[in-house]
Amino acid sequence: MNPFLPLNEYIPDGEAHVFGDRVYLYGSHDAANSKRFCINDYVVYSAKIDELKHWVCHGKSYLKKQDPHSINGKEVDFYAPDCVKGNDGRYYLYYCAMGPNTENFGPISVAVSDKPEGPFEYLGDVRYPDGKVVRDFLTNDPTVLNDEGKIYLYYGWGLARDFGNKLMKPIYNVVLNKLTHRTMKEVKEAEPSILSCAFVELDEDMLTVREKPKAVLDSMSTADKKSELYHHAFYEAPSIRKIGKLYYLVYSSGQNNELAYATSLYPDHGFEYRGVIISNSDLGYEGNKIRKNNASTIHGCIEEINGQYYVFYHRCTNNTDYSRQACCERIEIDETGFIKQVEMTTSGAFEGMISAKGTYNAGLCCNLITPQEIPLGIGKQQSEPRITEKDGTLYLAGMKPGTKAVYKYFDLSNTEKIKVNYTGDCVIKVNGNVLENNEAAVNQKDRVIEIEVVKGNCDIHSFELK
C-alpha cells in the first residue's frame with residue numbers, strides 16, 4: 001500500500017533501479033515535522049522484483065559527515081540522488097550537497113560502492129578534464145544512465161510558474177541571486193539559458209565530463225501561454241530512462257506538484273513534451289481541478305519491474321514540503337510511448353483491491369481534501385488538517401468540518417461495518433453514513449472509503465473493517 005515503506009519513514013525523490021533480482025530505492029531522507037529538506041543521512045531500501053509488498057531497509061548507506069563539503073563542524077544536507085551501475089561493475093551514487101551550510105547549488109558529487117545497497121565512499125566531484133568543478137547551469141538533482149556503456153548525466157533547475165506571483169517574486173529574486181549571483185532579469189536573459197535540464201557524457205572514471213554541458217529541456221523555451229509546454233515546462237527533478245528506442249526524461253514541471261515527461265530518440269536533443277504521469281494532489285487527473293492533497297514538491301521516476309511499469313513519487317505530509325513519503329503506482333506505456341496520467345491510490349503497486357480485513361492506519365489516505373485549499377509551496381501550516389506523526393505513529397490531525405480522507409481501493413464485498421477510532425468531539429460520516437457508537441454500515445459494492453468530518457474537530461487514528 002501507499003506509502004509503501006514504514007509509516008514513520010520519509011524517503012522522497014525516489015529513484016528505483018532493478019539490479020539483479022531486486023529493486024533498490026535511492027532517495028533523499030526527510031524527517032517527521034522537519035523544518036527543512038533532507039536532514040538525514042542516505043539509506044537504501046530494496047525488495048524482490050516479484051514481492052514488492054516487502055521492502056527491506058539496508059541501513060545508512062552514506063553519511064553526511066563523509067562528504068568533504070561538510071567542514072568546520074557543519075554538515076551539508078544530501079539532496080536527491082541517483083545510482084547507476086558502472087562498466088566496472090561498481091555502483092556510483094550521484095548527489096548534490098545542499099542546505100543551509102552551503103553557499104550555492106552543488107557541485108555534483110559521486111560516491112561509490114561494490115554493492116547496490118552500499119555502504120558508499122566519497123569518490124569526487126564531477127569535473128572538467130583540467131580538474132575544474134562543473135558548475136555550468138544549476139547543478140541540482142542529478143540523474144544518470146548507463147546506455148550500453150555510455151554514461152549520461154542530467155541535472156538542472158528551471159523556473160516554477162507559481163513563483164511568478166506577487167507573493168513569491170521577491171523571495172524568488174533573493175534565491176536566484178544567492179544561487180547564481182544574478183537577478184531574475186539577468187537569469188531570464190542569459191544565453192544560453194541556465195534555467196534548463198543539462199546533459200553531459202562522462203568519461204570512464206565516472207567523474208570527468210567529455211564535453212561542456214548542453215541544455216536538453218529549457219525551462220524558458222516557450223513564451224506561448226497557449227502551448228502545453230508553457231504550463232508544464234521543466235522546473236527540477238529530472239529522471240532519465242531508456243525504454244526501447246525512446247529516452248524518457250521525467251521531471252517536475254513548473255506546476256510544482258506533477259511529474260511530467262518528454263521523450264526523444266536521442267539522449268542529448270530532440271525531447272518533446274508528452275504529458276503528465278502523476279500529480280501528488282491529483283490535479284489534472286481526468287480533468288480534476290481540485291487539490292486533493294497538499295500540492296507541493298514532487299520528484300520521482302519510472303521503472304520496469306518484472307514486466308510491469310511503475311511510477312515512483314512522493315507525497316507531502318505535515319502540510320509542509322519537508323516531510324515527504326515514498327509512493328508508487330502502476331502505469332501503462334502504449335505502443336507510441338505515451339503514458340496516461342494515473343491517480344494517487346492507497347493500493348499503489350498492489351494488483352487489484354486491498355482485502356478489507358483488519359485495522360488500518362488513518363494516515364494511509366491517498367487524498368486529504370480540505371475545505372480551504374492549502375497554498376502551493378509556502379512551507380509549514382501545521383494548523384491545517386494534515387497527515388502527521390506523533391511518537392512514531394502516523395495519524396490525521398486537526399480534522400474539521402468539510403475535511404475528507406479518501407482511501408482507494410478496497411474490496412468491501414464481505415465487509416458489513418467500519419469502525420473509526422478518533423479523539424475529539426465531532427460528527428463523522430463514512431461513505432455518507434453517520435457513525436453511531438463509532439461505527440457505520442458499509443455498502444458492499446463500494447471500492448472507496450471516504451471519512452468526512454461534518455461537525456466539530458478531531459484527530460483520526462485508524463479504522464477497522466468488520
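Things worth noting here:
- Computed [θ] at 222 nm, deg cm²/dmol, the chain (DSSP H ≥ 4; -39,500 (n - 2.57); rounded to nearest 500): -1000 deg cm²/dmol
- For the chain, C38, C57, C83, C96, C197, C301, C316, C327, C328, C365, C366 stand unpaired, since no other cysteine beta carbon lies under 4.7 Å from theirs.
- Computed about the Cα centre, the dipole magnitude for the chain is approximately 1240 debye when only Lys and Arg (+1) and Asp and Glu (-1) carry charge, each at its Cβ.
- Entries in K85/K212; K292/K390; K212/K245; K340/K466; K48/K357 that, when Cα-Cα distance is taken, lie over 28 Å: K340/K466
- Protection proxy ranking for 436-444, 412-420, using the average of other Cβ atoms within 10 Å per residue and placing the highest first: 412-420, 436-444.
- Cross-link reach is defined here as a Cα-Cα straight distance under 17 Å, omitting same-chain residues fewer than 8 places apart; for K74 the aspartates and glutamates meeting it are D41, E103.
- Counted charge near K65, where neighbours are those whose Cβ lies closer than 9 Å (Asp, Glu -1; Lys, Arg +1): -2
- By other beta-carbon atoms within 10 Å, ranking T143, T297 with the fewest at the front produces T297, T143.
- Bridgeable lysines around K185 (alpha carbons under 18 Å apart, same-chain partners fewer than 8 residues away excluded): K166, K169.
- Note on K419: aspartates and glutamates with a C-alpha under 12 Å away, same-chain residues under 8 apart excluded, are E436, E439, E464.
- Segment 15-331: C-alpha gyration tensor shape, a/c 1.5 cut-off, then a/b vs b/c: rounded
- Sorted on the mean count of surrounding Cβ atoms within 10 Å across their residues, most packed first, peptides 66-72, 325-331 read 325-331, 66-72.
All of the numbers you see were taken from the coordinates with simple rules; none came from a lab. This structure is a prediction, so every number in the text was calculated from the model and none was measured. Reconstructed Cβ throughout: ideal geometry from the backbone, glycine too, with neighbour counts over all protein chains shown.
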